[in-house]
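Asks: Shown below is the structure under consideration.
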Amino acid sequence: MIGSALFALGSAPGFAAWAGSSGANLSFFVGAWFFTGAALVQLVLSGNATTLAPDGTNRFRGEWLSAATQFAGTLLFNASTAAALHADTVTEERRRVWTPDAAGSVAFLVSGILAVIVVGHAVRWWWAPRAREWWATQINLLGCVAFGVSATGAYVTSAGDTVSDAVASAGTFVGAICFLASAALTLPRRRHAGRGSATSG
């Protein structure tokens, strides 16, 4: 949630004009590390990478694949946001900033699709609006799509121009808000231990 909030801040309308591109890039850089920390926790909690199939072979588990792909995506965002802090040539912007950013967005999209499939199998129906996990994965996937749109808008041409700064910023902002909402939905519910008291679940 902290990482999402920092990405939303960095891409918020007017923030870059107020704090400068360096301020926005710093917000993305710090936020990316919170993304990586959360993704690592999720990968560890996802369990074993493989499971024994009925035919006796080991197969990768969807939960682990989703978490591992997401973690890889966050590492690519670490590389991209770090490079953005000091990239000052077109070549650096294209190879060290945009390329890992685009690859990270693809990894997030794959991870989001896998998460939707896993939850769809778990609830036995693809439509389960009463399940918080269903909403969390749907909103997360929407955020992944938005990040992909952002990467498309942020493409750097050989002349050093981006396709659309507005699309890049809007995609990042919408994606960050989606990730923030998805993370909030996965927080433990508060259980009432008695009248007028509550404890964390």
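The values are calculated or read from the model by the stated rules, or taken from the named source; none is laboratory data. Worth saying up front: this structure is predicted, and the values here are computed from it rather than measured. Counting neighbours? That spans all protein chains shown, and the Cβs are built from the backbone with ideal geometry, glycine included. Keep in mind that these areas ignore ligands, DNA and RNA; they rest on the heavy atoms of the full protein, side chains included. Shrake-Rupley method; radii C 1.70, N 1.55, O 1.52, S 1.80 Å.
Asks: Where only protein heavy atoms count, and the probe is 1.4 Å, what is the accessible area per residue for the chain in Å²? Let's see the in-between values first.
Replies: On the way: 11560 Å² over 201 residues.
Accessible area per residue: 58 Å².
Asks: State the percentage of accessible surface on the chain attributable to carbon and sulfur atoms; use a 1.4 Å probe and exclude ligands, DNA and RNA. List each step's numbers first, then the result.
Replies: On the way: 7520 of 11560 Å².
That share works out to 65 percent.
Asks: A follow-up question, please. Nearest 10 degrees, 0 to 90: what angle lies between the long axis of helix 132-153 and the longest principal axis of the chain (Cα atoms)?
Replies: Approximately 20 degrees, to the nearest 10.
Asks: Quick one: compute the contact order of the chain, relative version, from alpha carbon pairs under 8 angstrom and 6+ residues apart, as a percent.
Replies: It rounds to 20 percent for the chain.
Asks: I've got another one for you. Which one of ASN140, ASN58, ASN78 has the biggest mean-square fluctuation once the chain is modelled by GNM with Cα springs under 10 Å?
Replies: Of ASN140, ASN58, ASN78, the most mobile in the Gaussian network model is ASN58.
Asks: Let me ask something else. Using +1 on the beta carbon of Lys and Arg, -1 on that of Asp and Glu, and nothing else charged, what's the dipole of segment 59-168 about the Cα centre, debye to 20?
Replies: Numbers: 8 positive and 8 negative charges, 135 e Å.
Using only the charged Cβ atoms, the result is roughly 640 debye.
Asks: Would you mind pulling out the separation of the Cα centroids of segment 1-50 and segment 77-121, in Å?
Replies: A separation of 12 Å, based on Cα centres.
Asks: Report, in deg cm²/dmol and to the nearest 500, the calculated mean residue ellipticity at 222 nm for the chain, where each DSSP H run with n ≥ 4 adds -39500 (n - 2.57) and the sum is divided by the residue count.
Replies: Calculated from helices alone, the mean residue ellipticity at 222 nm is -23000 deg cm²/dmol.
Asks: How much net charge surrounds ALA49 when only the other residues with a Cβ under 11 Å from the Cβ of ALA49 are counted, with Lys and Arg +1 and Asp and Glu -1?
Replies: Numbers: positive: ARG59, ARG61; negative: GLU63.
Around ALA49, the charge tally is +1.
Asks: Calculate, in nm to one decimal, what ASP88 and VAL41 gain on full extension: separation in residues at 0.36 nm each, minus their alpha carbon distance.
Replies: Details: separation 47, 0.36 × 47 = 16.92 nm, distance 3.41 nm.
Answer, rounded to one decimal: 13.5 nm.
Asks: Round to the nearest 10 and report in Å² the accessible area of THR50, as given by a 1.4 Å probe over the protein chains' heavy atoms.
Replies: 60
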